[in-house]
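Enquirer: One structure, as structure tokens, below. Some questions next.
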Amino acid sequence: MPDVPFGYDQPVTIRTATERDAAALAELARRTFHDTFAATNNPHDMALYLAQAYGVEQQAREIADPDITTLLVESDGGLVAYAQLRNDQVPACVTDPGAMELWRFYVDARWHGRGIAQRLMESVRDEARRRGARTLWLGVWERNARAQAFYKKCGFTHAGDHIFLFGTDPQTDLVMITSL
Ligand SMILES: CC(C)(COP(=O)(O)OP(=O)(O)OC[C@H]1O[C@@H](n2cnc3c(N)ncnc32)[C@H](O)[C@@H]1OP(=O)(O)O)[C@@H](O)C(=O)NCCC(=O)NCCS
């Protein structure tokens, strides 16, 4: 059966994850990462990274970690997007030492271009402010043009670069920042 197209105004709910969401989050996170990067990366590095980053226990640990906030977008009882914020080391090119990292931000491919990402970004900004941050930073792969265009549209600017180890492959990420 062909996919039914989703409407732009399909009702969605955005909420904080709980431990009961670990399995569904692990599935969404693994799938969206693979969908985004498999075609442009070595399968060996992809397999290494997926094994290290995703799994029910791993996502359960992240949900329980007080330094990480996991936001979920649900529609019709299923997860369609998620974002994670964390307090971690801030790169040298980010001058605000209290900046919060937008660590992960992924929307299911069927929902791209339908406004979900903008709504999730508003919740991310609210949550980061609630946690006392005044700056948000993120790393985005130099070859991920769609995500860079989206972040620019949301007001992020390029502050520098850093290396992200993808499996065995050291890749260059653009570091982008925005004020809250
Ligand atoms: C990044 C992401 C959250 C953005 O959400 P989205 O719904 O796709 O965002 P939008 O469609 O509103 O904006 C994307 C912009 O990129 C543009 N774009 C689309 N494909 C592009 C491409 N190949 N190169 C450059 N820009 C592109 C779109 O035209 C749009 O800009 P516009 O509104 O000015 O026309 C979503 O695409 C996603 O989840 N991607 C996969 C996961 C990912 O890359 N996450 C970020 C990791 S750092």
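Enquirer: Give me a comma-separated list of calculated 3J(HN,Hα) values for region 48-60, in order, Karplus coefficients 6.51, -1.76, 1.60 applied at θ = phi - 60°, integers in Hz, x for any Gly or Pro.
Expert: With coefficients 6.51, -1.76 and 1.60, one gets 4, 5, 4, 5, 7, 9, 10, x, 4, 5, 4, 5, 5 Hz.
Enquirer: Hey, what did region 66-118 get for relative contact order, percent, Cα under 8 Å, at least 6 apart?
Expert: 30 percent
Enquirer: OK, next. How many percent of Cα pairs in region 58-144 exceed 16 Å?
Expert: Counting pairs separated by more than 16 Å, the tail of P(r) holds 57 percent.
Enquirer: Considering the chain as a Gaussian network with a 10 Å cut-off on Cα pairs, which listed residue, ILE116, ILE14, ILE163, attains the greatest mean-square fluctuation?
Expert: Checking each option, the largest mean-square fluctuation is seen for ILE163.
Enquirer: Go ahead and estimate [θ] at 222 nm for the chain from helices alone: -39,500 (n - 2.57) per DSSP H run with n ≥ 4, summed, over the residue count, rounded to 500.
Expert: Counting only the DSSP helices, I get -10500 deg cm²/dmol.
Enquirer: If you don't mind, there's one more thing I want to ask. Eigenvalues of the Cα gyration tensor times 5, then square-rooted: what semi-axes does that give for the chain, in whole angstrom, largest first?
Expert: Three semi-axes, in Å: 23, 20, 18.
Enquirer: Can you give me the accessible area per residue for region 47-152, using a 1.4 Å probe, in Å²?
Expert: Value for region 47-152: 48 Å² per residue.
Enquirer: Give me the percent of the accessible area of the chain that comes from carbon and sulfur atoms, probe 1.4 Å, all protein chains in place.
Expert: Within the chain, the accessible surface is 50 percent carbon and sulfur.
Enquirer: Ok, one more. Which order do ARG125, ARG110 take when ranked by solvent-accessible area (1.4 Å probe, heavy atoms of all protein chains), largest first?
Expert: The residues order as ARG110, ARG125, largest area first.
Enquirer: Ordering SER75, SER123 by accessible area with a probe of 1.4 Å, largest first, what comes out?
Expert: The residues order as SER123, SER75, largest area first.
Enquirer: Along the three principal axes, how long is region 124-180 when you take its alpha carbons, biggest first, rounded to the nearest angstrom?
Expert: Principal-axis extents of the Cα atoms in region 124-180, largest first: 37, 21, 17 Å.
The values are calculated or read from the model by the stated rules, or taken from the named source; none is laboratory data. Since the model is a prediction, treat every value here as computed from it, not as a measurement. The accessibility values were calculated without ligands, DNA or RNA, using every heavy atom of the protein model including side chains. Shrake-Rupley method; radii C 1.70, N 1.55, O 1.52, S 1.80 Å.
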